[in-house]
2 protein chains.
Amino acid sequence: MNAEINRQWLLASRPESMVGVDNFARGEAAVPTPADGQILVRVTHVAYEPAMRGWMSERPGYTTAIPIGGVMRSQGAGRVVDSRHPGFKPGDRVSGMFGWQDYALAAPGGELLSVQKLTDGVTEETALSVLGITGLTAYFGMLDVGRPQPGDTVAVSGAAGATGSVAGQIARIKGARVIGIAGGAEKCAWLTGEAGFDAAIDYKAERVSRRLRELAPEGLNVFYDNVGGEILEAALNNIAVGSRIIICGAISGYNTGALPAPPRNYMAIVWKPSIMAGFLLGQYADRFDEARSQLGEWVADGRLTYAVDVQEGFETVPHTFLRLFRGQNLGKQLCRIA
Amino acid sequence: MNAEINRQWLLASRPESMVGVDNFARGEAAVPTPADGQILVRVTHVAYEPAMRGWMSERPGYTTAIPIGGVMRSQGAGRVVDSRHPGFKPGDRVSGMFGWQDYALAAPGGELLSVQKLTDGVTEETALSVLGITGLTAYFGMLDVGRPQPGDTVAVSGAAGATGSVAGQIARIKGARVIGIAGGAEKCAWLTGEAGFDAAIDYKAERVSRRLRELAPEGLNVFYDNVGGEILEAALNNIAVGSRIIICGAISGYNTGALPAPPRNYMAIVWKPSIMAGFLLGQYADRFDEARSQLGEWVADGRLTYAVDVQEGFETVPHTFLRLFRGQNLGKQLCRIA
């Protein structure tokens with residue numbers, strides 16, 4: 001056993017409504033020793049996504065809740081410091097589900113979103129954003145569920161977030177006209193500037209349904225939803241016949257203490273016959289390599305850009321999570337801890 | 001012009017919530033004379049469907065509202081009494097969108113669900129039920145949207161209604177195990193008896209979500225929804241991964257004075273990645289002949305049965321409509337007026 005201390009952030013309590021820093025508690029453990037087939041990783045970056053809010057609750061969902069007292073689950077990146085796996089050696093840079101801690105044991109190849117080696121030229125920031133969970137989620141949700149066609153009009157909510165920004169750009173690469181919905185002038189400027197969206201709607205300053213009607217008078221062919229609630233309703237008010245509505249998330253409802261509010265106009269999918277579909281990244285595990293390769297190519301080509309918001313310091317890890325729900329992040333939320 | 005009087009039921013007012021007979025008023029007009037290409041039909045049977053409630057309102061929907069003072073719109077059957085169309089002659093039996101009146105002008109071939117000639121051996125009851133709007137709706141919704149596979153478990157709400165009973169039987173013909181949800185012991189007995197459903201749930205006496213869990217522990221592969229509200233929620237609690245949820249109607253919400261209540265657990269289509277889809281019969285107009293032919297064959301084979309509830313008399317026409325919303329009909333609701 002290693003004499004060094006493994007600092008951790010544990011789940012202390014389940015949030016009733018808005019998650020707060022007091023739902024987490026500091027813990028310490030001995031730095032563990034890898035068993036056969038395992039590696040020990042010194043975590044350098046913690047990555048955040050809205051779905052982690054669901055992992056804190058025992059509500060119905062798609063993953064088991066994190067136990068009280070357990071290390072907070074998250075994706076991250078780091079360096080291998082000890083290895084009992086033939087494919088990994090100390091110094092290798094890796095990403096994986098390492099959690100909120102300095103050191104993580106991992107068993108490469110054993111599980112979904114298992115350890116990935118970062119190839120030369122791929123930074124931790126790239127690996128955790130456009131090539132990470134959120135980038136893959138954008139890729140499969142937009143391409144396999146949304147299936148944008150040249151000439152389609154596509155709208156994305158949470159468009160300045162890590163998933164939405166990639167999803168919208170993928171639709172644009174496929175020849176669609178893309179409208180991003182985001183909160184604030186800065187995010188909207190980034191969308192229509194650097195990210196190449198055709199239009200952006202600032203939901204804090206504009207009426208989303210009316211603006212969608214102005215920007216897409218023929219209706220939306222694809223809507224990629226990360227937000228739920230009133231923004232999903234506004235989109236459903238503006239769908240075209242035969243549209244595909246991708247339910248990726250519902251961040252507006254994650255901290256309400258109840259299930260996300262359902263769209264009161266769900267019958268719009270009958271009035272304008274359309275499909276509303278959910279998906280989970282895990283369904284596409286056998287295509288992750290394809291997706292990473294394609295996304296990496298688009299990044300290298302300059303056709304796909306991304307933003308990261310990097311906070312600093314282990315003490316900042318829980319506070320940084322809250323930035324997602326305050327809409328403070330532009331692009332992928334990360335925290336560098338070493 | 002004909003000297004005889006054309007009795008009519010007009011839309012007198014738009015219902016705020018529950019439709020009542022006072023939303024209709026008797027009217028009279030001269031019996032009209034067909035123009036070139038038209039036929040004059042003596043209506044003998046009025047057919048009802050829940051969607052007609054939507055046609056009375058100016059809420060968002062898929063058809064234009066019936067104007068105040070206009071003849072109530074509905075499908076019906078009758079005999080041609082005058083024809084200026086080369087394909088029709090007096091005495092021909094026909095179905096079409098004839099409305100609540102003794103005599104209707106119609107222009108065969110000119111519009112959706114236009115006039116159909118009843119072939120020998122096809123009764124008005126058959127033409128208006130299993131071969132009519134509701135039978136076609138069941139056919140395309142179940143086969144094209146639901147796509148039941150052999151071994152699938154399929155549930156249908158409003159299962160003892162004209163659409164649900166046909167939809168469920170089509171799934172059974174395709175090799176699925178079929179659960180019907182209906183109100184009352186009589187309807188449930190008909191479903192598992194005459195209609196050959198594998199199981200029935202009486203939503204008035206049983207807890208639907210719990211019974212679905214018992215009857216479909218592996219989850220529902222297809223859910224065909226005519227009801228909405230709590231029954232849709234109960235089904236969403238019990239879907240399998242990859243399920244298809246067909247939104248056909250939401251009769252539970254048509255008389256509430258508001259939009260039908262959305263399913264609070266709509267995110268179930270993410271947790272168990274699934275598709276929720278609406279459809280409209282009009283999308284399939286070029287395949288109506290195929291559908292009528294297949295449905296007629298199944299009826300002739302004895303593989304597909306149907307029920308009709310026939311009320312009598314022109315004065316009864318509005319009262320009979322209300323039976324749909326009180327759950328009084330088993331199978332297709334009709335009223336014979338001549």
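Tabulated data for the structure shown
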| read-out | value |
| --- | --- |
| In segment A:145-178, the residues that are over 18 Å from residue A:278 (Cα atoms), among the hydrophobic types (A, V, I, L, M, F, W, C) and surrounded by fewer than 24 Cβ atoms within 10 Å (Cβ to Cβ) | A:173, A:176 |
| Selection status of residue A:310, surrounded by fewer than 18 Cβ atoms within 10 Å (Cβ to Cβ) and either outside any loop (DSSP other than H, G, I, E, B) or within 14 Å of chain B (Cβ to nearest Cβ) (or both) | yes |
| Qualifying residue in segment A:134-144 (condition: surrounded by fewer than 21 Cβ atoms within 10 Å (Cβ to Cβ) and either over 15 Å from the mean Cα position of the chain (by Cα) or under 30 Å from residue A:84 (Cβ atoms) (or both)) | yes |
| Tally of residues being over 30 Å from residue B:36 (Cα atoms) and either hydrophobic (A, V, I, L, M, F, W, C) or free of Cβ contacts under 8 Å to residues at least 24 places away in the same chain (or both) across segment B:107-135 | 1 |
| Where residue B:222 falls short, out of the listed (1) more than 14 Å from chain A (Cβ to nearest Cβ); (2) among the β-branched types (Val, Ile, Thr); (3) over 20 Å from the mean Cα position of the chain (by Cα); (4) within 26 Å of residue A:60 (Cβ to Cβ) | (3) |
| Boolean, residue B:38 is away from chain A (no Cβ under 14 Å) and touching a helix residue (DSSP H, G or I) at 6+ places or on another chain (Cβ under 7 Å) | no |
| Qualifying residue in segment A:239-248 (condition: farther than 20 Å from residue A:171 by Cβ and not assigned by TED's automatic domain parsing to the domain that holds residue A:45) | no |
| Restricting segment B:7-22 to residues that are touching a residue at least 60 places away in the same chain (Cβ under 8 Å) and touching a strand residue (DSSP E or B) at 6+ places or on another chain (Cβ under 8 Å), the residue that is farthest from residue B:72 (Cα to Cα) | B:7 |
| Some residue of segment B:271-287 being farther than 30 Å from residue B:18 by Cβ, without any contact (Cβ under 8 Å) to a residue 40 or more places away in the chain and either among the β-branched types (Val, Ile, Thr) or surrounded by fewer than 16 Cβ atoms within 10 Å (Cβ to Cβ) (or both) | yes |
| Matching option when the condition is more than 26 Å from residue A:53 (Cα to Cα) and more than 13 Å from every other protein chain (Cβ to nearest Cβ), among A:162, A:216 | A:216 |
| Residue ranges of strands (runs of 3 or more DSSP E) in segment B:1-108 with at least 1 members within 26 Å of residue B:329 (Cβ to Cβ) and polar (S, T, N, Q) | B:5-11, B:39-47, B:93-96 |
| Answer residue from segment B:242-253, given it is out of contact with any Asp or Glu (no Cβ under 9 Å at 6 or more places or on another chain) and modelled with pLDDT under 95 and is nearest to the other protein chains (Cβ to nearest Cβ) among those | B:253 |
| Members of segment A:267-291 found to be within 19 Å of the chain's Cα centre (by Cα) and facing another protein chain (nearest Cβ under 8 Å), listed by number | A:277, A:278, A:279, A:280, A:283 |
| Residue in segment B:204-211 that is within 14 Å of chain A (Cβ to nearest Cβ) and surrounded by fewer than 19 Cβ atoms within 10 Å (Cβ to Cβ) present | yes |
| Cβ-Cβ under 9 Å pairs, at least 6 apart or on other chains, segment B:254-266 side more than 7 Å from chain A (Cβ to nearest Cβ), far side buried (at least 18 other Cβ atoms within 10 Å of the Cβ) and in a loop (DSSP other than H, G, I, E, B) | B:254/B:19; B:254/B:50; B:254/B:228; B:254/B:260; B:255/B:19; B:261/A:262; B:261/B:228; B:261/B:250 |
| Residue in segment A:291-301 that is assigned to a loop (DSSP other than H, G, I, E, B) and among the basic types (Lys, Arg) present | no |
| Pairs where the first residue, in segment B:292-305, is farther than 11 Å from residue B:166 by Cβ and the second is surrounded by fewer than 19 Cβ atoms within 10 Å (Cβ to Cβ) and at pLDDT 95 or above, C-beta under 8 Å, 6+ apart | B:303/B:173 |
| Every residue from segment A:236-250 that is buried (at least 24 other Cβ atoms within 10 Å of the Cβ) and over 12 Å from residue A:276 (Cα atoms) | A:238, A:249, A:250 |
| Hey, residue B:171 outside the structural domain of residue B:15 (by TED's automatic domain parsing) and not in a helix (DSSP H, G or I) or not | no |
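The values are calculated or read from the model by the stated rules, or taken from the named source; none is laboratory data. None of these values were measured; they are calculated from a predicted model. All Cβ positions, even for glycine, are placed from backbone atoms using ideal geometry, and neighbour counts span all protein chains on display.
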